[in-house]
Amino acid sequence: MTAGPNGTPENDDPFAYLYRGEGEQGAGQGTAGQPGVPRTSYNQVSRVGERRPSAPGGYGYPPQAPQPQPQPGGQGPAAPGGRAASRQAAGAAQGGGPNRKGLLIGAIAVVAAVVVGISVAALSSGDDEDKQADDPAATAPADPGGEDPGNKAADGDDDKGKDKKDAKKFKTLTAFANSLRLDGGATASTEHAGASGPNGAYVDHMNVVGASATWTFDVPEAGPYTFFIGYGNAGETATPTLTVNGTAQDRKINMGNFTGQKEWSKAWTKTFSFVNLNKGTNTLKISCEDGDKCGFNLDKVWLKQGNVER
């Protein structure tokens with residue numbers, strides 16, 4: 001064993017690794033020392049608590065990733081994974097890629113199919129209801145007697161419609177006095193001019209007790225009517241009796257001298273009386289009863305529906 005310049009044996013320090021810097025080699029390791037240069041491995045002692053800087057990557061440091069190399073043509077460093085990785089990253093940034101788009105399209109298709117199905121079902125149900133509403137016989141119960149209740153309803157509606165149509169058509173019924181049934185001495189005459197009957201005919205001699213003129217006619221519906229009477233009176237007010245369907249009315253017919261004339265040919269006028277009639281055939285009779293004043297000539301009669309004055 002050879003002693004060093006300071007008396008320390010060379011190549012036999014068992015603790016030299018404790019104060020040797022990283023990357024330094026002990027004496028006798030690696031290249032030999034140069035002549036005339038003292039050994040420094042034994043003199044570089046570190047203080048307690050002092051850490052000498054060393055290059056990264058030694059004991060206790062994680063290995064460093066290699067630096068990316070520039071691409072030919074002046075381009076920047078290539079991303080790890082190449083073009084495929086770049087495409088995947090771009091797809092993720094644009095909204096999740098093909099899988100997410102496929103799921104969105106599928107969901108829209110399902111919703112559209114459900115909406116179309118509901119619409120078709122609603123239209124079909126509405127068509128069925130319209131058909132039933134248009135065909136009342138299809139929903140009417142069967143008639144035990146074998147007659148179609150739908151036809152019954154139709155017949156009843158036709159009758160009602162016919163009655164309403166007849167009622168609308170009914171405006172005025174008119175009859176000349178000489179066409180009525182005359183009894184009790186009442187007779188047709190043309191002595192005084194101005195009457196509206198054929199050839200100026202009218203009914204005279206109504207001033208005899210028991211004399212009467214009866215009118216028989218039909219109306220489309222029951223209800224109130226107005227009975228108009230055309231007459232001539234050049235004297236005092238006449239008050240004959242009115243009989244409706246066989247029942248004498250308590251109120252007399254007022255046949256006053258409304259024209260104020262003294263000549264019978266110029267004394268033609270009219271009066272009216274409200275009556276209630278039955279649907280179908282009715283009779284109205286003008287007569288001279290006991291106690292009545294009957295100095296008048298009967299020209300014509302007419303009937304209007306409702307209580308009117310003209």
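The values are calculated or read from the model by the stated rules, or taken from the named source; none is laboratory data. Since the model is a prediction, treat every value here as computed from it, not as a measurement. A quick note on method: Cβ atoms are made from the backbone with ideal geometry, for glycine too, and the neighbour counts reach across all protein chains shown. These accessible areas exclude ligands, DNA and RNA; they are computed on the full protein's heavy atoms, side chains included. Shrake-Rupley method; radii C 1.70, N 1.55, O 1.52, S 1.80 Å.
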TODO: Could you please let me know if V308 is open to solvent by less than 80 Å² (accessible area, probe 1.4 Å), modelled with pLDDT of 95 or more, over 20 Å from A195 (Cβ atoms) and not aromatic (F, W, Y)?
DONE: no
Open item on the list: Quick check on this structure: which one of I229, I253 is under 18 Å from L284 (Cα atoms), surrounded by 15 or more Cβ atoms within 10 Å (Cβ to Cβ) and without any contact (Cβ under 8 Å) to a residue 40 or more places away in the chain?
Closed with: I253
